[in-house]
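Inspection log for the structure reproduced underneath, given as structure tokens.
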Amino acid sequence: MPEKVQKGSKIYRRLLAYIRPYMSRIVLAALCMLGYAATLAMASALPYLTISGFSNKKEVVFSSQQIPHLPFTFDFRFPVFWIPIFIFGVILFRSFFDYISRYAMASVGIRAVKKIREDLYAHLVYLSNDFYSRGRTGDFLSRITNDVTSIQGAVTDVLTDLVKQPLTILCLIPSVFIWGGPGGIFALMVFPIVAIPIALLGRMLRKITRKMQERSADITAFIAETLMGIHIVKAFNREESVIQKFNQINKSVFDFFKRSIKVTIIQRPLIDVMAAGGAALAIWFTMESFTAERFSSFVMSLFLLYEPLKKLSKVNSTIQQSIAAGARIFEILDEVPSVHESGTAFEFQEKVNSVVFEKVGFAYERAITVLDDISLDVNAGEVVAIVGSSGAGKTTLVNLLLRFYDPTAGGVKINGYDIRAMTLKSLRGLIGIVSQETVLFNGTVRENIAYGDPAADLERVIAAAEAAHAQHFIRDLPRGYDSPLGERGLKLSGGQRQRIAIARALLKDPPILVLDEATSHLDTESEREVQKALENLMKGRTVFVIAHRLSTVQRADRIIVLDHGKIIQQGTNESLLQQGGTYKKLYDLQFNI
Ligand SMILES: Nc1ncnc2c1ncn2[C@@H]1O[C@H](COP(=O)(O)OP(=O)(O)OP(=O)(O)O)[C@@H](O)[C@H]1O
Ligand SMILES: [Mg+2]
């Protein structure tokens with residue numbers, strides 16, 4: 001996948017767009033954060049009140065005499081028993097505000113993540129085949145699981161801290177000046193100075209995180225590939241080498257992890273030292289005017305002031321990590337499906353009369369022509385067989401009919417309409433396909449056969465299975481049509497899988513049928529039987545059948561011989577045998593004449 005470097009702030013703004021629908025919760029959370037910050041600022045008065053109370057014969061004195069730099073006069077006096085009530089009240093309110101704000105933000109966070117994951121999956125499902133040929137399934141898996149999860153922190157914690165910590169700092173600034181007087185300014189000087197190393201470390205962290213996420217995706221991809229092909233790994237005695245390769249990739253994730261930890265954990269002590277410097281300066285310049293009460297409350301307010309600063313620096317780390325994850329997510333979301341519906345696409349509802357390939361050319365990669373000037377005029381009800389050597393372009397040809405790809409030259413037309421003018425749904429609704437690679441899903445036999453129409457009743461499922469000569473082995477399964485097939489249908493034999501796939505295509509009852517090596521895994525006898533059944537089913541349908549075994553295509557109305565992406569011969573079995581050439585050669589080879 002091409003790496004597009006996007007600006008961090010832009011990525012973050014796009015992430016934030018996902019929380020916009022929950023503004024009311026966010027406002028509620030922000031108000032509670034303000035309450036939290038205010039109660040925290042009040043807590044800085046505790047040392048003052050306590051010392052004052054116990055040194056003044058159990059009476060707390062809080063007056064402008066004690067704090068002469070304030071521009072107004074006041075004189076509060078109350079007995080010490082208010083102190084524990086004050087402590088309890090402060091903690092109670094602080095906890096209440098903390099709970100509500102965290103809960104509101106967390107609920108926004110998980111909703112945003114849910115939506116991002118839904119969008120990403122839906123987008124992946126609609127992306128075209130060429131995208132999947134370029135990327136690795138494991139990498140997409142990693143993005144939709146790991147990367148989306150790591151964004152959750154960004155949305156919840158970061159937003160919380162981005163609002164809460166500045167509010168806390170703002171509320172504490174008056175406390176610093178109340179207790180410390182004008183000297184408190186030294187304490188605030190720390191802020192701009194601390195910002196510089198934090199920004200630099202943040203940039204480093206984003207780079208490291210991006211690489212780490214890529215390597216994590218490599219891990220997922222490697223696991224997926226090797227476990228799906230585990231029997232090949234074993235058959236070729238590659239267990240040790242795959243373990244070694246895995247450990248190698250895992251180690252590089254570990255190395256990046258180590259580096260990111262170094263960068264992350266240096267921040268806290270760095271800020272601690274700078275904050276201590278600021279505090280020391282502030283105390284140094286204000287010491288003369290202090291009483292014990294004021295001094296202790298001043299120190300407490302400084303402690304409380306620097307805590308949010310540390311949290312903010314941690315937020316920066318999380319932001320950088322989520323930007324790196326966000327970039328990987330938006331890379332996919334920005335990918336435009338190469339096969340897409342035009343805005344004016346219409347729903348094709350007619351009876352199929354003709355399928356025409358008009359001067360079709362195609363290349364998967366620009367320079368390598370796979371199909372060249374293919375013209376083919378097929379009438380409804382015709383059975384067209386496509387033969388040719390491996391790699392000739394047979395599968396590619398039918399891929400174009402289903403719009404898995406669009407031709408690079410010419411076009412495919414049904415009833416005279418270019419298939420690019422139809423909705424994808426109505427086009428694909430016309431076609432039943434048994435593809436060269438049998439793909440089944442985890443689920444029961446019944447669910448797999450009824451994949452195209454989950455509402456189909458059992459009778460239709462059984463009828464399709466009978467037509468595909470699958471009813472015998474299905475009945476022998478322990479739970480018949482309700483037997484689970486296991487991941488990718490692995491609990492069945494290759495030929496059984498293929499018959500389920502044929503039944504699946506037949507249940508759809510489509511006007512156009514594409515059979516790409518649909519019976520290649522069957523023994524000769526089963527093949528003959530399925531073939532016979534298919535012949536019945538082919539009646540009234542337009543069929544494209546691809547097969548290497550010529551016995552399966554002999555009875556086709558027309559046989560097309562493809563070679564290097566060109567049609568080199570076409571006709572019936574008899575006429576082609578008379579003509580001689582490639583078809584006759586293939587025929588003679590197969591039938592040993
Ligand atoms: N996704 C792809 N990306 C790039 N090239 C591809 C892709 N799929 C197929 N090709 C190439 O296109 C050519 C035609 O492939 P195609 O699958 O149509 O052959 P085929 O006639 O169906 O062969 P077979 O009989 O082996 O199934 C081959 O040279 C193949 O390497
Ligand atoms: Mg093929």
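Give segment 143-163 a look and list any residue that's under 21 Å from residue 215 (Cα atoms), at pLDDT below 85 and hydroxyl-bearing (Ser, Thr, Tyr), or say none.
150 - this is the single residue of segment 143-163 that is under 21 Å from residue 215 (Cα atoms), at pLDDT below 85 and hydroxyl-bearing (Ser, Thr, Tyr).
Show me the helices (runs of 4 or more DSSP H) found entirely inside segment 493-593 where at least 3 residues are in contact with a helix residue (DSSP H, G or I) (Cβ under 7 Å, 6 or more places away or on another chain).
Of the helices (runs of 4 or more DSSP H) lying wholly inside segment 493-593, those with at least 3 residues that are in contact with a helix residue (DSSP H, G or I) (Cβ under 7 Å, 6 or more places away or on another chain) span 494-507, 524-538, 582-591.
Before we move on, is residue 456 within 26 Å of residue 494 (Cα to Cα), of a type in the set (A, V, I, L, M, F, W, C) and not in a loop (DSSP other than H, G, I, E, B)?
Against the criterion (within 26 Å of residue 494 (Cα to Cα), of a type in the set (A, V, I, L, M, F, W, C) and not in a loop (DSSP other than H, G, I, E, B)), residue 456 does not qualify.
Based on what the data block shows, is residue 411 part of a strand (DSSP E or B), of a type outside the set (Ser, Thr, Tyr) and assigned by TED's automatic domain parsing to the domain that holds residue 506?
no
Give all pairs with beta carbons closer than 6 Å in which a residue from segment 92-115 that is outside the structural domain of residue 161 (by TED's automatic domain parsing) meets a residue that is among the polar types (S, T, N, Q) and buried (at least 16 other Cβ atoms within 10 Å of the Cβ); count only pairs at least 6 apart in sequence or on separate chains.
Pairs that qualify, where the first residue is outside the structural domain of residue 161 (by TED's automatic domain parsing) and the partner is among the polar types (S, T, N, Q) and buried (at least 16 other Cβ atoms within 10 Å of the Cβ): there are none.
When residues of segment 369-408 are filtered for being within 16 Å of ligand 2 (Cβ to nearest atom) and assigned to a loop (DSSP other than H, G, I, E, B), how many remain?
Counting residues in segment 369-408 that are within 16 Å of ligand 2 (Cβ to nearest atom) and assigned to a loop (DSSP other than H, G, I, E, B) gives 9.
Against the definition (within 16 Å of ligand 2 (Cβ to nearest atom) and buried (at least 17 other Cβ atoms within 10 Å of the Cβ)), how does residue 543 come out, yes or no?
no
Restricting the search to segment 111-129, which residues are buried (at least 16 other Cβ atoms within 10 Å of the Cβ) and either over 16 Å from residue 142 (Cα atoms) or in contact with a strand residue (DSSP E or B) (Cβ under 6 Å, 6 or more places away or on another chain) (or both)?
Result: 111, 112, 127, 128, 129.
Condition test on residue 443, is it surrounded by 14 or more Cβ atoms within 10 Å (Cβ to Cβ), at pLDDT below 90, more than 16 Å from ligand 1 (Cβ to nearest atom) and closer than 30 Å to residue 490 by Cα?
So residue 443 passes the test.
Does residue 437 satisfy the condition of being within 16 Å of ligand 1 (Cβ to nearest atom) and either on the phi > 0 side of the Ramachandran plot or free of Cβ contacts under 8 Å to residues at least 40 places away in the same chain (or both)?
The answer is yes for residue 437.
When you go through (1) surrounded by fewer than 23 Cβ atoms within 10 Å (Cβ to Cβ); (2) of a type in the set (A, V, I, L, M); (3) under 19 Å from the mean Cα position of the chain (by Cα) one by one for residue 339, which number turns out not to apply?
It is condition (3) that residue 339 fails.
The values are calculated or read from the model by the stated rules, or taken from the named source; none is laboratory data. Because the structure is predicted, anything quoted here is derived from the model rather than measured. Positions of Cβ are generated from backbone atoms using ideal geometry, with glycine treated the same way; all protein chains shown enter the neighbour counts.
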